[in-house]
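Okay, structure first, notes after.
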Amino acid sequence: MSRRVSIFGATGSIGQNTLSLLRRDPGAYQVVALTGDRNIEVLAAAAREFGAEVAVTADETRLGELRTALAGTKVEAAAGAAALIEAAARPADWIMSAIVGAAGLAPGLAALKHGTTLALANKESLVTAGPLLLATARRDGARILPVDSEHSGIFQALGGAPVDSLSRVIITASGGAFRDWPLEALEGATPEQAASHPNWDMGQRITIDSASMFNKALELIETREFFGLPASQIETIIHPESLIHALVEFRDKGILAHMGPPDMRHAIGYALHHPERSDLPLEPLDLAAIGQMTFRAPDPARYPALTLARQVMEIGGLAGAVFNGAKEAALDAFLDRRISFTAMAVVVGKVIEKMSAEGLGKAAITLESVREADQMARRHAFDTAARR
Ligand code: NDP
């Protein structure tokens with residue numbers, strides 16, 4: 001019997017990689033919902049190819065365009081936030097959550113409420129509302145499988161061992177586009193330069209977040225939320241080759257590392273076939289040709305986002321939502337050339353400082369409170385950026 005699958009963020013980098021894996025065995029899957037935002041042509045093409053039940057664009061103004069692109073097919077066209085929730089509620093065995101940013105939270109939650117398996121690439125959901133997401137999954141008998149390569153790596157290396165058998169988890173970072181730039185040159189870095197990653201082929205926003213290490217900052221918080229580890233047991237290390245994605249150190253100081261090609265189809269495929277292991281169209285690593293792997297400690301002066309992540313974990317509560325909202329607004333300001341590359345961390349730091357005076361750590365985490373914190377953080381970040 002074929003498995004019913006949906007992909008949220010089907011037009012993006014993770015979404016397209018997921019579709020490429022489904023394409024290898026189309027008879028095995030029945031595609032329920034595919035979603036996108038602005039790339040209507042790509043969305044419609046995928047919906048046609050896979051015979052999806054419904055295609056949804058988050059952008060209500062593009063519904064007419066989507067309808068036209070799907071004319072003559074049986075695929076329903078829908079648009080807007082409510083349509084995304086409706087699509088997430090359609091029965092499915094496996095749902096990929098790969099919308100970028102905080103917009104991924106509500107559809108992911110809606111999917112969990114229906115007891116599905118959620119393959120979670122959208123790290124922002126865990127950063128902004130980890131306890132809500134995990135409690136919903138527990139209550140409604142749903143399962144979350146990590147897709148971020150580091151978290152998939154931890155999950156795989158753990159192999160079901162209890163988290164209290166760990167003494168430490170180390171997630172690796174490539175160091176991003178500016179790893180070897182002189183510090184004083186960072187101020188003048190452009191969005192185009194930041195959007196070129198040394199090892200991974202990813203969406204534009206996450207690639208720039210890799211250069212600033214905001215991506216790794218989100219992943220530190222994601223690790224704490226998903227695995228329930230204290231911040232003091234989570235570390236990051238620069239590993240320029242991006243071959244080891246995560247290491248778990250057990251209490252007896254034995255370490256298991258998860259290693260694999262720097263290609264997201266590994267982590268996506270792992271989540272798609274879990275608990276089985278299936279063949280994936282990836283080149284095996286040639287260790288003799290690679291020769292060596294290197295590691296170095298991240299420099300806090302180069303990567304202030306990592307220090308901010310520690311503050312956020314200490315504050316707790318809605319601090320993750322504020323951090324992510326401020327980070328997204330600061331990234332928009334950088335992309336629009338309103339602020340410099342280095343100003344992003346300054347802006348986010350100021351927003352956290354301002355909002356932490358407002359009892360962030362103690363506030364209850366609900367979809368509504370997360371939305372409010374996110375919106376307020378974006379406004380503060382916008383104003384702070386405008387003053388620079
Ligand atoms: P992309 O930018 O490539 O794709 C983002 C997807 O989200 C697209 O389908 C886009 O639609 C859609 N989208 C954008 N804005 C909205 C919105 N407001 N509402 C609904 N949908 C929206 O991102 P990635 O695929 O790179 O990343 C997706 C998620 O996976 C992110 O959370 C990222 O952090 C995470 N991730 C990505 C990795 C990677 O290798 N790319 C690795 C690990 C995690 P459209 O294109 O039609 O505008």
- Which residues, counting only those in segment 59-109, are more than 13 Å from the ligand (Cβ to nearest atom) and either crowded, with 20+ Cβ neighbours inside 10 Å or among the aliphatic types (A, V, I, L, M) (or both)? 63, 70, 71, 75, 77, 89, 92, 94, 95, 109
- Quick check: is even one residue across segment 9-21 under 23 Å from residue 264 (Cα atoms), over 21 Å from the mean Cα position of the chain (by Cα) and touching a residue at least 60 places away in the same chain (Cβ under 8 Å)? no
- Message: Considering only segment 154-167, I want to know if a residue exists there that is small (Gly, Ala, Ser), within 13 Å of the ligand (Cβ to nearest atom) and at negative phi.
- Response: no
- Message: So the check is Cβ under 7 Å with 6+ separation or different chains; which pairs have a first residue in segment 72-99 that's part of a strand (DSSP E or B) and a second one that's surrounded by 23 or more Cβ atoms within 10 Å (Cβ to Cβ) and among the acidic types (Asp, Glu)?
- Response: none
- Message: Please verify whether residue 6 is at pLDDT 95 or above, more than 9 Å from the ligand (Cβ to nearest atom) and either buried (at least 22 other Cβ atoms within 10 Å of the Cβ) or under 22 Å from residue 137 (Cβ atoms) (or both), treating the condition exactly as stated.
- Response: yes
- Filter result for residue 273 (under 30 Å from residue 23 (Cβ atoms), surrounded by 13 or more Cβ atoms within 10 Å (Cβ to Cβ) and out of contact with any strand residue (DSSP E or B) (no Cβ under 8 Å at 6 or more places or on another chain)): yes
- Query: What helices (runs of 4 or more DSSP H) lie completely within segment 118-225 and have 1 or more residues being touching a residue at least 60 places away in the same chain (Cβ under 8 Å) and within 15 Å of the chain's Cα centre (by Cα)?
  - Reply: 123-139, 149-158, 204-212
- Residues of segment 13-47 being more than 15 Å from the ligand (Cβ to nearest atom) and surrounded by fewer than 17 Cβ atoms within 10 Å (Cβ to Cβ), in sequence order, are 23, 24, 25, 26, 27, 28
- Where residue 158 falls short, out of the listed (1) touching a strand residue (DSSP E or B) at 6+ places or on another chain (Cβ under 8 Å); (2) within 18 Å of residue 239 (Cα to Cα); (3) surrounded by fewer than 21 Cβ atoms within 10 Å (Cβ to Cβ): (2)
- Mind checking which residues of segment 30-53 are in a strand (DSSP E or B) and under 24 Å from the mean Cα position of the chain (by Cα)? 31, 32, 33, 34, 35, 36
- Item | Residue check for residue 226: within 26 Å of residue 185 (Cα to Cα) and either among the aromatic types (Phe, Trp, Tyr) or touching a His at 6+ places or on another chain (Cβ under 9 Å) (or both) | no
- Query: Do any residues in segment 30-58 that are closer than 13 Å to residue 69 by Cβ have Cβ atoms under 6 Å from those of residues that are surrounded by fewer than 19 Cβ atoms within 10 Å (Cβ to Cβ) and of a type in the set (Val, Ile, Thr), where the two are at least six apart or on different chains, and which pairs are they?
  - Reply: 48/73
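The values are calculated or read from the model by the stated rules, or taken from the named source; none is laboratory data. Please read all numbers here as calculations on a predicted model, not as lab measurements. Positions of Cβ are generated from backbone atoms using ideal geometry, with glycine treated the same way; all protein chains shown enter the neighbour counts.
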